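The values are calculated or read from the model by the stated rules, or taken from the named source; none is laboratory data. Remember, predicted model here, so these are calculated numbers, not experimental data. Because the Cβ atoms are built from the backbone with ideal geometry, glycine has one as well, and the counts that use them run over all protein chains shown. Protein only, heavy atoms only, side chains kept; ligands, DNA and RNA dropped before computing areas. Shrake-Rupley method; radii C 1.70, N 1.55, O 1.52, S 1.80 Å.
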Amino acid sequence: MSNILENRLDITMTPTQITAAKAGFAAVETSAPFLLGLTMEERISIPKINVANKAFVEDAINALANNAALVPSYLDVVKIKSDLTLFTQLDELATL
């Protein structure tokens, strides 16, 4: 078990590494600007897909697609599919 006196990470970054890291963050901001625009209240209040409810969302999409006449018109299956696709794409990136 480590303690406060054991320095397990004794390293500093070179200026080149700092520049490369900043360029990487800038590339993420450029390629996915939608990741940075929510307020804390929006993050809390907006319903979201997560690992715990992914199977439910997939089942709901199938139910909506197969029973379109029985569900309210405000449930847009195309937008829900798009949300699920984005979740899957970001989930892949999160493992990096």
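Annotations for the structure displayed:
- If only the Cβ of Lys and Arg carry +1 and only the Cβ of Asp and Glu carry -1, the dipole of the chain around its Cα centre is close to 80 debye.
- Estimated FRET transfer efficiency when R0 is 25 angstrom, pair Lys54-Phe34 (beta carbons, to 0.05): 0.80
- Less than 5 angstrom separates the built amide H of Leu75 from none of the residues sequence-distant by 5 or more or on a different chain.
- Per residue, the chain exposes 89 Å² of accessible surface when a 1.4 Å probe is rolled over the protein heavy atoms with every protein chain present.
- Per-residue ellipticity at 222 nm computed for the chain from its helices equals -18000 deg cm²/dmol, with DSSP H segments shorter than 4 residues left out and the rest contributing -39,500 (n - 2.57).
- With a Cα cut-off of under 20 Å and a minimum spacing of 8 residues unless on different chains, the lysine pairs in the chain number 4.
- Rounded to the nearest 10 square angstrom, Lys22 shows an accessible area of 130 square angstrom against a 1.4 Å probe.
- Here the chain exposes an accessible surface that is 62 percent carbon and sulfur, computed with a 1.4 Å probe and the other protein chains kept in place.
- Acute angle (nearest 10 degrees) that the helix 15-31 long axis makes with the longest principal axis of the chain, alpha-carbon atoms: 10 degrees
- Short to long, the 5 Å bins of the Cα pair-distance histogram for the chain hold 2, 9, 12, 15, 14, 11, 10, 10, 6, 4, 3, 3, 1, 0 percent of all pairs.
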